[in-house]
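Before any comments, here is the structure.
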Amino acid sequence: MSPGVLVVGELHDGRVVPSTLEAVGVARTLAPGPGEVVVLLAGSRSRAAAAELGAHGVGRVLVSEDARLDTAPAAAIAVVATAAARALDAGTVLVGGTTFGRDLAGRLAARWSATAATGATDVVRDGTALRVRRPVFGGRATETLRLDGPRCVVAIRPHAFAAPAGSPSSPTLEAAPAVEIPAPLLAARRTGVEPTSAGAGPGLTDAAVVVSGGRGVRAPENFRLVEELAAALGGAVGASRAVTDAGWRPATLQVGQTGKTVSPQLYIAVGISGAIQHLMGMISSRVIVAVNNDATAPIFKVADYGIVGDLFQILPALTAEVRRARGT
Amino acid sequence: MEIVVCVKPVPEGETRLRVRADGKALDPEGVKFVLTGYDESALEQALLLKEATPGSRVHVVACGPAPRTEEVLRASIALGADLATWVEATGELASDPLAVARALAAAVRAVPHDLVLCGKQAGDHEEGLVGAALGELLDAPDFGAVVDLRFDPASGRLRFQRSTEGGQEKWESPLPCVIALQQAWNDPRTAKLPAILKSRKAPIAKVPATPADGGRSIGERFELPPPRSGAKMIEFKTPEEAAEKLVRLLKEEAKVFP
């Protein structure tokens, strides 16, 4: 496998997203030397966004300033990424653990005849191969894969790696290889984005902190206690199936086997008993806190910290304490 | 519209996971395999589109070993799929996502396909690579984590949404197209007994898997986490004391306070 490592970056509102920086951190551990990580950015704002990568130890950025890529699917960017990987003779391409990163990983792997893995929490070189660890079965197990081949694509897991610091420097900018993008890929396009409002559902799978409410919240109007704590922590709001089935909150907020799977740094379950259905959506969270008035609730078996008490008293106190601690 | 749905058998949700004797994979002994929830949503979407678009057919395709793969194909027929193709594969050909995508692409290419649907990932290994790889191999656009998929017959285009890190995205795409669906947003139907009985005798086309190129993804180790020892319970007299203790633990011990 060629030692070269390419990171395919993602821009949101003209800024490099955190998961791209996390991928850069992994790339630096795999690249043969410092400053040898190359990042590809695509879209009309890629040149401006490239500058901030210098602070994270990136020495070289390829930019494809094709404005059509601003609203094109990941499949179109995979065409550019494949050309870039070939031009660099890279052996490994890394992407962030976002929806874009997942789409790109599969597309690029097929186009570049590579082997691939997603959701990686550990990526190391093993001779000519890569060894990747990743949670599976909703975090109920972990597998180690050996990616054996001349070309590998890896999407990392969100929050599993830190964005690297580096001495501020200006990366060299170059145009990405010019390549023709097939017409059907440009005929598909994003027609709009409604930005995620603070603490609302869409950020759920990406949030570093998730606060979820369950049946114990008792009524839809009480759910604001959960939302206030989530807001104080800068996190996202989730809900158990009981809550979404009852229509207290939309189904997009449901965490569980039939809803979303989340793996934040901190998961706080409020008034949630801990049915297996729910556990399968959050068990891979790094630290779990449970607040419940029933000391025998199964959630306490999987939690790291437990508070047995009345959530209507605990939550306001906790929100106030969090605000104090964060100075907000 | 000719709709192809790619499905995968996965262990039933509440299966107690065990490690195979060689430590490299899940022990499938005694495990009941079912359609993954993401694929149930994909199949439901296909059936809704078929019902809304006269003259449509739903063709279900799966790649994997006997008997589980045949079982989920029959379950799909019982739910309303018209045709079924089974790419019989074992070992790495059934577990390496790129090998599976290549096998599925070959099977899909051989049949009419305007729209290819699958789950955005399967509930077992959760790679989410197959849909995107299928798009590339079929020379069609692909999209993951899709909800609220609609076909506009006037323009011949698909319109759909995705919840991503950036917000709620609206998209449109021409056909043919590969769509990998989010799970459980459309309340999948359940099969009725007469349909289940009938599905047992339904024909299933069988095609062999072909070895793939481009490297391999090999399972080396499969591990279960040590059982969690239970929560550290916070003792307190007032809610304020509970809050103060928890914040301190999250900061100083767990180091996850934002």
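Taking Cα centre as origin and charging only the Cβ of basic (Lys, Arg, +1) and acidic (Asp, Glu, -1) residues, the dipole magnitude of the protein assembly as shown rounds to 540 debye. A Cα-only calculation for the protein assembly as shown places Rg and Dmax at 23.5, 70 Å. Pairs of Cα atoms nearer than 8 Å and 6+ residues apart set the relative contact order; for chain B it is 24 percent. For the protein assembly as shown, the Cys residues with no second cysteine's beta carbon closer than 4.7 Å are A:Cys152, B:Cys63, B:Cys177. Shielding by partners for peptide A:110-123, expressed as the average number of C-beta atoms from other protein chains within 10 Å of each residue's C-beta, is 5.
Give the percent of DSSP beta bridges with both residues in the protein assembly as shown that are antiparallel, rounded to the nearest 5. Among the beta bridges of the protein assembly as shown, antiparallel pairing accounts for roughly 35 percent. Mean residue ellipticity, 222 nm, helices only, chain A: the sum of -39500 (n - 2.57) across DSSP H runs of n ≥ 4, divided by residue count and rounded to 500, is -8000 deg cm²/dmol. Simple rule: put +1 on each Lys or Arg Cβ and -1 on each Asp or Glu Cβ in the protein assembly as shown, find the dipole, and look at A:Ser273, A:Val16, B:Ala84; the Cα lying farthest toward the positive end is A:Ser273. For chain B, adding -39500 (n - 2.57) for each run of n ≥ 4 DSSP H residues and dividing by the number of residues yields -8000 deg cm²/dmol at 222 nm. Scaled against 2.2 N^0.38 Å for its residue count N, the alpha carbon radius of gyration of the range A:230-328 is 1.04. For the range A:5-186, the dipole from Cβ point charges (+1 on Lys and Arg, -1 on Asp and Glu) about the Cα centre works out to 440 debye, to the nearest 20.
Peptide packing: for B:105-111, A:1-7, the average count of neighbouring Cβ atoms within 10 Å per residue gives the ranking A:1-7, B:105-111, highest mean first. Here the dipole of the range B:68-149 is about 160 debye; that uses its Cα centre as origin and unit charges on the Cβ of Lys and Arg (positive) and Asp and Glu (negative). Per residue of peptide A:64-77, the mean number of Cβ atoms on other chains within 10 Å of the residue Cβ is 2. Toward the positive end of the charge dipole of the range A:209-326, with +1 on the Cβ of Lys and Arg and -1 on the Cβ of Asp and Glu, the farthest Cα among A:Thr296, A:Val308, A:Thr319 is that of A:Thr319.
Residue order for A:Tyr305, B:Tyr38, A:Tyr267, fewest other beta carbons within 10 angstrom first, comes to A:Tyr305, B:Tyr38, A:Tyr267. Picking from A:Ala242, A:Leu69, A:Ala50, whose Cα lies most toward the positive end of the charge dipole for chain A (charges on Cβ: Lys, Arg +1; Asp, Glu -1)? Selected residue: A:Ala242.
Here the average projected area of the convex hull drawn through the C-alpha atoms of the range A:5-186 stands at 9.6 nm².
To the nearest whole number, what is the average tally of beta carbon atoms from other chains within 10 Å of the beta carbons of peptide B:138-147? All intermediate terms of the calculation are to be shown ahead of the outcome.
Details: counts 1, 3, 5, 13, 10, 7, 11, 6, 1, 2.
For peptide B:138-147, the averaged partner shielding equals 6.
Volume per residue of the convex hull around the Cα atoms, evaluated for chain B, comes out as 195 Å³. For the range A:209-326, the relative contact order works out to 25 percent when only alpha carbon pairs closer than 8 Å and six or more residues apart are counted.
A short reminder: the numbers here are calculations on the coordinates, not readings from a lab. In this text the structure is predicted, and so the values were computed from the model without any measurement. Here Cβ is always computed from backbone atoms with ideal geometry, including for glycine, and neighbour counts include all displayed protein chains.
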